[in-house]
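Structure first, then comments.
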Amino acid sequence: MQSEHLMRGMDQTIEKCLNAKAIGDGLPAGPGSSGLLTGQAGIAVFLNEMAQLDNSRVLEKASRDHFAAILSVIPEQFLKVPLPDPSLVSGLSGIALALVMASRDGTRYQKVLSEIDRHLLPLIHRYVAYCHSHPMHVRLYDLLYGLSGMLLYTLSRPGPEALAASEAIAEYFDSRTRAAVSPLQGFAIEQTQQSTPRHAKLYPRPTVDLGLAHGVAGVVASLALALMAQPTLKARFAPTLHLLTEGLVDQRLNNGEGAWPSHWTPEMPLQEHVPARIAWCYGIPGIASALRLSSEALDASQYRAIALEVLTGITPGLSSLTTSNLCHGSAGLLQVVERFGDPQLMPLASQLRSMTLAQHDDLAPYGFWSEADPVSGQVASMPLLLEGALGVWLALTHSELPNPLWDRALALA
């Protein structure tokens, strides 16, 4: 953050978040409206981070007010329904993780977190049992909707109950890894289980999603974080992480770009696969981040070396970026590079920062426009973390924050 112009844009965004008190005032509506990546919990996290940046009691109070509004609807949205949403993206795991992020090293929200644990940890065990008994589907294990994201929450909580939930998730990943002739094939999705009709048409044969948001890279990243957080998990599941990481490395395309496909169909020759888009969610950035975390968890420097190799060669592909957001755009790549903290990547970080800042627009209510809707072509400026302007501002100010925790939701740290 350098110019007065951009500081005014940041102040405008913060002011709008301060004034957003209801759906009509800018808060997202519909399913997931309380969520971390898709709704109001993201606003609360953003304001909490900005409060630390400016040492602002006003912003601290605004963050607490947003959390209070979220907690007031948890009973109706999550605790009194037969099948509550446990996901990271829009569900109870994300809200709980947001509270952990804002807890200031455990000095806040402990009573409400304990109450959420009492409901959510058993729900996660139920979800694991469901995953064991149903055909493979991406939402069973992925980061946004499935067990990889829930693992980020369980790792953030103390006590034997949370550890047991983390172990149950890791055991599921281990069972899938060992269920097929090669580690990744245990995560293959049949055509009838694809998430959308479009995916069913694109992938008529059993196919493995490789991305960080919805695929095996998300499993690798969350499992690596688990091994670093819990010594007992490392002792049991380091071989599983090694197998999955090697499987991911093996699917790298030999096309001079160092890329991976978004999906891998084992029945097809690897070089017939199409390289993925360049984003946090798919392709080089997200997979490179997963390799970095696996390198740290396993003390295996070769994975970090591969990650650095592909990231340093990514510059020609940056022209494909059309948005600034975390999920698909330049801010997501910037955050991946920031978490590497490697001198080799400083020129890339500088380029990504410039690309992101260039997309700031005073006419956008929150400073940045969303990606154009593929059907309508419409854009909006939204107070969201994953696909909205708040995540962009957080990536731009990340290096200035005293103790940034917000990108745990992206499985980056």
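For region 128-144, residues that are in contact with a Leu (Cβ under 8 Å, 6 or more places away or on another chain) and open to solvent by less than 50 Å² (accessible area, probe 1.4 Å) total 6. None of SER195, SER175, SER182 is touching a Lys or Arg at 6+ places or on another chain (Cβ under 8 Å) and open to solvent by 10 Å² or more (accessible area, probe 1.4 Å) except SER195.
Filter region 389-412 for residues that are assigned to a loop (DSSP other than H, G, I, E, B) and at pLDDT 95 or above; which is surrounded by the most Cβ atoms within 10 Å (Cβ to Cβ)?
Taking the candidates together, the pick is ALA411.
Screening ARG304 against (1) open to solvent by 10 Å² or more (accessible area, probe 1.4 Å); (2) over 30 Å from GLU4 (Cβ atoms); (3) assigned to a helix (DSSP H, G or I); (4) out of contact with any Lys or Arg (no Cβ under 6 Å at 6 or more places or on another chain) leaves a single unmet condition, (4).
Residue pairs whose Cβ atoms lie under 8 Å apart, separated by 6 or more positions or on different chains, with the first residue in region 1-20 and outside any helix (DSSP H, G or I) and aliphatic (A, V, I, L, M) and the second open to solvent by 80 Å² or more (accessible area, probe 1.4 Å) and modelled with pLDDT under 85, are MET1/MET7. Scanning region 339-353 for residues that are in a loop (DSSP other than H, G, I, E, B) and either touching a strand residue (DSSP E or B) at 6+ places or on another chain (Cβ under 8 Å) or closer than 27 Å to GLY94 by Cα (or both) yields a single hit, GLY341.
The selection criterion, being free of Cβ contacts under 8 Å to residues at least 12 places away in the same chain and part of a loop (DSSP other than H, G, I, E, B), does not hold for ALA200.
Are any residues in region 320-342 polar (S, T, N, Q), touching a helix residue (DSSP H, G or I) at 6+ places or on another chain (Cβ under 8 Å) and at pLDDT below 95, and if so, which ones? THR323, the sole residue that qualifies.
Residue-by-condition table, conditions (1) open to solvent by 60 Å² or more (accessible area, probe 1.4 Å); (2) out of contact with any His (no Cβ under 6 Å at 6 or more places or on another chain); (3) assigned to a loop (DSSP other than H, G, I, E, B):
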position	(1), (2), (3)
ALA62	no, yes, no
GLN77	yes, yes, no
VAL81	no, yes, yes
PRO86	no, yes, yes
VAL89	no, yes, yes
LEU97	no, yes, no
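Residue by residue through region 354-388, note down the ones that are part of a helix (DSSP H, G or I), free of Cβ contacts under 8 Å to residues at least 60 places away in the same chain and either at positive phi or open to solvent by less than 40 Å² (accessible area, probe 1.4 Å) (or both).
THR356
Taking the criterion of being open to solvent by less than 20 Å² (accessible area, probe 1.4 Å) and part of a loop (DSSP other than H, G, I, E, B), the residues of region 205-239 that qualify are LEU210, GLY211, LEU212, ALA213, GLY215. From the set of residues in region 269-305 that are touching a residue at least 24 places away in the same chain (Cβ under 8 Å) and of a type in the set (S, T, N, Q), which is nearest to ALA413 (Cα to Cα)? Here the answer is SER289. Here is the figure for region 45-60: residues that are within 11 Å of CYS17 (Cβ to Cβ) and open to solvent by 40 Å² or more (accessible area, probe 1.4 Å) total 0. Considering region 68-105, the residues that are under 22 Å from ILE169 (Cα atoms) and polar (S, T, N, Q) include one that is modelled with the lowest pLDDT, namely SER90. Scan region 267-285 for residues that are in a loop (DSSP other than H, G, I, E, B) and either modelled with pLDDT of 95 or more or buried (at least 19 other Cβ atoms within 10 Å of the Cβ) (or both) and the total you get is 8.
The values are calculated or read from the model by the stated rules, or taken from the named source; none is laboratory data. All values reported here derive from a predicted model rather than from experimental measurement. Here Cβ is always computed from backbone atoms with ideal geometry, including for glycine, and neighbour counts include all displayed protein chains. Remember, those area values only see protein heavy atoms, side chains included, never the ligands or the DNA or RNA. Shrake-Rupley method; radii C 1.70, N 1.55, O 1.52, S 1.80 Å.
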